[in-house]
Amino acid sequence: MSLALGIDVGTSGIRTAVIDECGAVLSMARSAHLPQDPDRIDAEKWWQAVEACMLRQVSALKDSGRRGTEISRIAVDGTSGSMVLCDARLRPVGRALMYDSGGFGSEAERIGMHAPPSHIARGPNSALARAMRLVADDTDGLARHLLHQADFIAARLTGRGGHSDHNNALKTGLDPASGNWPDWTGAVIDAALLPRAHAVGTPVAEIEPDLAARMGLASNAVVCAGTTDSIAAFLAATPPKTGTAVTSLGSTLAIKMLGRERIDDPAIGLYSHRLGNAWLVGGASNSGGAVLARYFSSEDIARLSASIDPKAPSGLDFYPLIRPGERFPVNDPDLTPRVAPRPADDAVFLQGLLEGIARIEAQCYREIEARGGRFPDAIFSAGGGARNPAFTEIRAKALGIVPARAENVEAAIGAARVAAGMS
């Protein structure tokens, strides 16, 4: 009997999950990120938080009557586009850069000279531009490995650098169809630094023996190629069946759907990740719960939602954004928010905002359909918005399909499914 461990390095902290051979969740643990200087992120603190969480996880597993030595496979997910350069001993040679760092204009200009038109690696906020800045900062030339956040944790688990997965490497320039780095990337970054990218879930290396002993894990536990946090969350929410979609209703609105077709359209912020023999297509809007939170407390939203009649439209035509700029389904950095006129009745105003977000969600899926995909057969919902019955009914009307609330929403569970080969 063997178990699988998933490690989620998320924005708010570290979470782990252990599942059994049937996919049932046996136990979970969490640990907070250590304090960071936002101007100089220390990747060592990522690892220290992961170590603390793993120790808690093994202890929690014992409480369920199982042992850490039963864990045979491990996978890690991390925030997409967060990365660090390391030396041959896997020590960071400088600061790490996070997924939301940008302003790399000179790097973007160089990428623009070599990358194909509309490539996902283009732009001053791209992961590849971020990697180029890290290389430029390494004035002593100590770097040997460019590692995405999940890669770094996996490398520390195994003592081996130079490995990544198709999902984390996508925005750094990897060709997801072939799994190789295109020749043009060598014109902007030293190809020797780029990791070998594996299909998600591929066994990579056994855990480092001393670490296994310290953590109470089996010395022959295998670390597998991981994924990004958003894809791990998708895998937690639903079995990987083509035609199934997940809408994340958090601070922002993100959608992902598994299909047979690869659909990329950077002009509207739409792109695909490889997942087995299928493609996970999706994008993220700047609309979402953060807009609601600007006007209402969570208590206000619950109270006002109870008085909304979803069958009676508000008549408002809102495009809810906090500030100008949208990524998907419209890629327009100057798109103006539309949240006026504000009705005197707060319940009507909230309904108008919810209807606007629902229309955006529906447009996201219809843009995929318009490019040769299919409209989802089933939509599962994750995030705070999934718990609002009025919003669910409003979304059902806009989508033409009743969305279901996902049973599992923790990315660590999805990472564990990757490790177990269930992705």
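The values are calculated or read from the model by the stated rules, or taken from the named source; none is laboratory data. Quantities reported herein were computed from a predicted structural model and do not represent experimental measurements. We place every Cβ from the backbone using ideal geometry, glycine too, and count neighbours over all the protein chains shown. The accessibility values were calculated without ligands, DNA or RNA, using every heavy atom of the protein model including side chains. Shrake-Rupley method; radii C 1.70, N 1.55, O 1.52, S 1.80 Å.
The rows are residues; the columns are (1) at positive phi; (2) charged (D, E, K, R); (3) in contact with a strand residue (DSSP E or B) (Cβ under 7 Å, 6 or more places away or on another chain).
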{"residue": "Ser82", "(1), (2), (3)": "no, no, yes"}
{"residue": "Cys86", "(1), (2), (3)": "no, no, yes"}
{"residue": "Arg89", "(1), (2), (3)": "no, yes, no"}
{"residue": "Met98", "(1), (2), (3)": "no, no, yes"}
{"residue": "Ser101", "(1), (2), (3)": "no, no, no"}
{"residue": "Gly105", "(1), (2), (3)": "no, no, no"}
{"residue": "Ala108", "(1), (2), (3)": "no, no, no"}
{"residue": "Gly112", "(1), (2), (3)": "no, no, no"}
{"residue": "Ala115", "(1), (2), (3)": "no, no, no"}
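Here's the yes/no breakdown for (1) modelled with pLDDT under 95; (2) assigned to a loop (DSSP other than H, G, I, E, B); (3) of a type in the set (A, V, I, L, M); (4) on the phi > 0 side of the Ramachandran plot:
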| residue | (1), (2), (3), (4) |
| --- | --- |
| Glu261 | yes, yes, no, no |
| Tyr271 | yes, no, no, no |
| Arg274 | yes, no, no, no |
| Leu292 | no, no, yes, no |
| Pro313 | no, yes, no, no |
| Asp317 | no, yes, no, no |
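From Thr228, Thr242, Thr238, Thr247, which residue is open to solvent by 30 Å² or more (accessible area, probe 1.4 Å), within 21 Å of the chain's Cα centre (by Cα) and not hydrophobic (A, V, I, L, M, F, W, C)?
Numbers: Thr228 fails: open to solvent by 30 Å² or more (accessible area, probe 1.4 Å); Thr238 fails: open to solvent by 30 Å² or more (accessible area, probe 1.4 Å); Thr247 fails: open to solvent by 30 Å² or more (accessible area, probe 1.4 Å).
Thr242 is the lone residue from the list that is open to solvent by 30 Å² or more (accessible area, probe 1.4 Å), within 21 Å of the chain's Cα centre (by Cα) and not hydrophobic (A, V, I, L, M, F, W, C).
The single condition among (1) open to solvent by 30 Å² or more (accessible area, probe 1.4 Å); (2) touching a Lys or Arg at 6+ places or on another chain (Cβ under 8 Å); (3) not in a helix (DSSP H, G or I) that Arg56 does not satisfy is (3).
Of everything listed in (1) part of a helix (DSSP H, G or I); (2) surrounded by 22 or more Cβ atoms within 10 Å (Cβ to Cβ); (3) in contact (Cβ under 8 Å) with a residue 60 or more places away in the chain, the single unmet condition for Ala75 is (1).
Taking (1) crowded, with 24+ Cβ neighbours inside 10 Å; (2) in a strand (DSSP E or B) in turn, Trp279 satisfies each apart from (1).
Scanning segment 37-50 turns up at least one residue that is touching a helix residue (DSSP H, G or I) at 6+ places or on another chain (Cβ under 7 Å), within 23 Å of Ser2 (Cβ to Cβ) and assigned to a helix (DSSP H, G or I).
From the residues in segment 363-400 that are polar (S, T, N, Q) and touching a residue at least 60 places away in the same chain (Cβ under 8 Å), which one is nearest to Ser307 (Cα to Cα)? So that I can check it myself, show each step before the final result.
So the first thing to find is which residues in segment 363-400 are polar (S, T, N, Q), and the list is 363, 381, 388, 392.
Going one step further and asking which of them are touching a residue at least 60 places away in the same chain (Cβ under 8 Å), we end up with 381, 388.
Numbers: Ser381: 22, Asn388: 12 Å.
For segment 363-400, the residue satisfying everything is Asn388.
Of Gly65, Gly81, Gly6, which residue is crowded, with 23+ Cβ neighbours inside 10 Å and modelled with pLDDT under 95?
On the way: Gly65 fails: crowded, with 23+ Cβ neighbours inside 10 Å; Gly6 fails: modelled with pLDDT under 95.
After applying the criteria, what remains is Gly81.
Filter segment 94-128 down to the residues that are assigned to a helix (DSSP H, G or I) and in contact with a Ser or Thr (Cβ under 9 Å, 6 or more places away or on another chain), then identify the one that is surrounded by the most Cβ atoms within 10 Å (Cβ to Cβ). Across segment 94-128, the extreme among qualifying residues is Leu128.
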